[in-house]
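Q: Encoded as structure tokens, here's the structure I'll be asking about.
The values are calculated or read from the model by the stated rules, or taken from the named source; none is laboratory data. Computed from a predicted structure; not experimentally measured. Methodologically, a virtual Cβ is constructed for each residue, glycine included, from the backbone with ideal geometry; neighbour enumeration extends over all protein chains shown. SASA here: full protein model, heavy atoms, side chains in, ligands and nucleic acids out. Shrake-Rupley method; radii C 1.70, N 1.55, O 1.52, S 1.80 Å.
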Amino acid sequence: MLREIGWLRLALLLPLLAAVGGRGIVMAARHPLAQWSVPLLVAGQLMAVHRRRTDLRFLATSAPLFQRWLGVEYVLVALPFALVLVLFRDWSAALLTVALAPLAALLPPARDNRRTRLRARTVFRSEAFEWVSGMRTGGQWAWPILLAGAWWQAASPLGPGVALLVWLFILLACYGTPEPSTMVLLAARAPGPFMRWRLRVGMTYAALTAAPFFWLLAVGPAGVAGTVAVAAFWLGLVALLILTKYAFYPNAVHIRSTQALVLAVALTLFAHPVYPVLLLVAVGGLIWQSQRRLRAVLGSVNEK
């Protein structure tokens, strides 16, 4: 997987991810309420990764105590986050981070619930297939929880802001999985119209689902002007996720790694003067690469 990503992306991705993650944890650890988001986010990521592991069935048949070993593995992953909280004397949040981590090992694989997901109804149209699959795998229950948390902390811009950030990460998971090339062939006659259609569908649903969070920001201390700026920036990030998906389609590893790189640059935009320049270059490069990649994919599929 590392060889497939390439040394150049790794050289760019790892330092930026470390900078963004470290800065986010430090900022959360300093805040009396935001510190509790660290154990929840760490546990949520571990649960999502665990349920998508492809070796769970093998482990269940070959190692009867595999859940205990996975629990130890997840504790070791969560330990650095807990240590940062300890440095800021957030003892309760640190203990909760370590306590929630091994619970991820008790969850069943995601594909075990496939029949339930197929029977579940969704408010999204079939053309928004990323949203249909993403909401059935957890987004449909995460959204009301995030909305309740943002409403509870509506007096501070931090509540809706954190909810928007978590919702963006959920959309990152939705747009990180490429659909089969046959679906692209059926929907795409030319790269340009296809990309405009995917951007229109994705950003429409993104704006509708994020509208309550924007409203809470507007009526709170952020004001209308600040909310407009946040909304434009947030929707721009959603557009970048969609462009990145088709710029590296159908390679899921390249899609996810580049999406993480783009988000890392965007979320640390004002941390260094070179980051805005990198983001502008990335926008132009993703537009060009997505058109080029779709032309190649459509051409290869049509030849077959």
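Q: Of the residues in the stretch 167-187, how many are within 20 Å of MET47 (Cα to Cα), surrounded by fewer than 18 Cβ atoms within 10 Å (Cβ to Cβ) and not hydroxyl-bearing (Ser, Thr, Tyr)? Talk me through it step by step, then tell me what you get.
A: Filtering the stretch 167-187 for residues within 20 Å of MET47 (Cα to Cα) gives 167-177.
Of the ones still in play, those that are also surrounded by fewer than 18 Cβ atoms within 10 Å (Cβ to Cβ) are 169, 177.
Retained after the next criterion (residues that are not hydroxyl-bearing (Ser, Thr, Tyr)): 169.
Total meeting the criteria: 1.
Q: Pull up the stretch 76-98, narrow it to residues that are in contact (Cβ under 8 Å) with a residue 12 or more places away in the chain and open to solvent by 40 Å² or more (accessible area, probe 1.4 Å), then point me to the one that is farthest from ASP55 (Cα to Cα).
A: By that ranking, first place goes to PHE88.
Q: Identify the single condition in (1) at pLDDT below 85; (2) farther than 25 Å from VAL224 by Cβ; (3) under 21 Å from the mean Cα position of the chain (by Cα) that LEU158 does not satisfy, given that it satisfies every other one.
A: Only one criterion is unmet by LEU158, namely (2).
Q: I would also like to ask the following. Could you run through the stretch 56-75 and say how many residues are exposed (fewer than 15 other Cβ atoms within 10 Å of the Cβ) and β-branched (Val, Ile, Thr)?
A: The qualifying residues number 2.
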